[in-house]
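Data block below; observations after.
The values are calculated or read from the model by the stated rules, or taken from the named source; none is laboratory data. Owing to the predicted nature of the structure, the values given are computational and were not obtained by experimental measurement. Don't worry about glycine lacking a Cβ; one is built from the backbone with ideal geometry, like all the others, and counts go over all protein chains shown. Please note that ligands, DNA and RNA were not included when accessible areas were found on the heavy atoms of the full protein model with its side chains. Shrake-Rupley method; radii C 1.70, N 1.55, O 1.52, S 1.80 Å.
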Amino acid sequence: MSNASHTRTHPALSAEPRWISGSAFLAVAAAYAAVYEIARYISPSSQWNLMAGLRLAAILLVPRRYWPALIVGEWAPLIQKCAINAGRFGLEWAILGGIPLMIVCMPLVMLARRRGPFPFRDGEIHLPSVLLVAAACALGSAVVDTAGLSAAIDASRGTSPTIYLRDSFYAYLLGDFCGMVPVVPALFALKDVFNAGRSGAWRRVRNIPLTSALVALCLAGWIGIVLIQERLHLHGAELQALRLCAMLPVLALTLRFGWQGGALAGVLALAAVMSTAGESTDVSIIEAQVVMCIAMAGALLIGMPIARRTRERHAGRVTATAG
């Protein structure tokens, strides 16, 4: 019943080709490989893996017929790295390290779509299911990454520093999930902003004085967090309190714009917090990340009904004007 109604609602879907041309395949693969390399370059550490968020967002936003091109686009940078370091870390590491994590996440997305409408439900993104799939993708990716790390340790036995696989697994898991929680909804929010901009709706929102003042205040707050840490070199509880203050603008923008505002604000908030990190083994930054990820997930869920009411009010005004 639902499949039939879905086909009637979207009749163009049945006419879409199942395969893409060779030129389109190469273009999509090259574009994703370039964006993937940029994300890997700007990712501060494995504790905040932006590639994980980019990977899941691409799977959700790109039609399924382009998925093979995404796999090739992610595989190309990996195979170069594995070929260069295979002699150092061994063949087993090269094989595991060359696995595009796309093929770990894609079956989980397909499973979610078979169980019901995903990621959209009733015409809007269903964030609870997106967050659940993000957690599953982070878990699967962490298993593969930890297996590759174990192979590298075995190959360089006696020459590498002491590394605890359990701690590394949790670091991979947290880094991937932190990369997905704000980034995936933020890219969906940018898509909504782009669509609203084409219809002129975003210009109306942007020109509201309260909106401009709130956004400026949030940006000033995040910049202030970075500057305070650089100037005062806080430590311990004081530094943690400063980091958690980054969530205040996220909550403010969530209450103002709904989940879209919270998602976009969450990316900037995590960037501000990660700029205060010390060494890659800094336990305090991991604790702050855990709290912020939970708070961001809660803010996104709270923002769903806010965004729905805003959209309904806007639709009501448009109908009243047309009438």
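For region 151-180: of the residues being of a type in the set (D, E, K, R) and closer than 28 Å to Met296 by Cβ, which is surrounded by the most Cβ atoms within 10 Å (Cβ to Cβ)?
Asp176
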**Prompt:** Among the residues of region 36-59, is any out of contact with any Leu (no Cβ under 9 Å at 6 or more places or on another chain), open to solvent by less than 70 Å² (accessible area, probe 1.4 Å) and more than 27 Å from Ile286 (Cβ to Cβ)?
**Reply:** no
**Top-ranked residue in region 113-124 [being part of a loop (DSSP other than H, G, I, E, B) and exposed (fewer than 15 other Cβ atoms within 10 Å of the Cβ); ranked as modelled with the highest pLDDT]** = Arg115
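Quick check, is Gly148 assigned to a helix (DSSP H, G or I), in contact with a Ser or Thr (Cβ under 9 Å, 6 or more places away or on another chain) and open to solvent by less than 10 Å² (accessible area, probe 1.4 Å)?
Numbers: assigned to a helix (DSSP H, G or I): yes; in contact with a Ser or Thr (Cβ under 9 Å, 6 or more places away or on another chain): no; open to solvent by less than 10 Å² (accessible area, probe 1.4 Å): yes.
It is false that Gly148 is assigned to a helix (DSSP H, G or I), in contact with a Ser or Thr (Cβ under 9 Å, 6 or more places away or on another chain) and open to solvent by less than 10 Å² (accessible area, probe 1.4 Å).
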**Request:** Would you confirm whether any residue within region 79-88 is surrounded by fewer than 17 Cβ atoms within 10 Å (Cβ to Cβ) and at positive phi?
**Result:** no
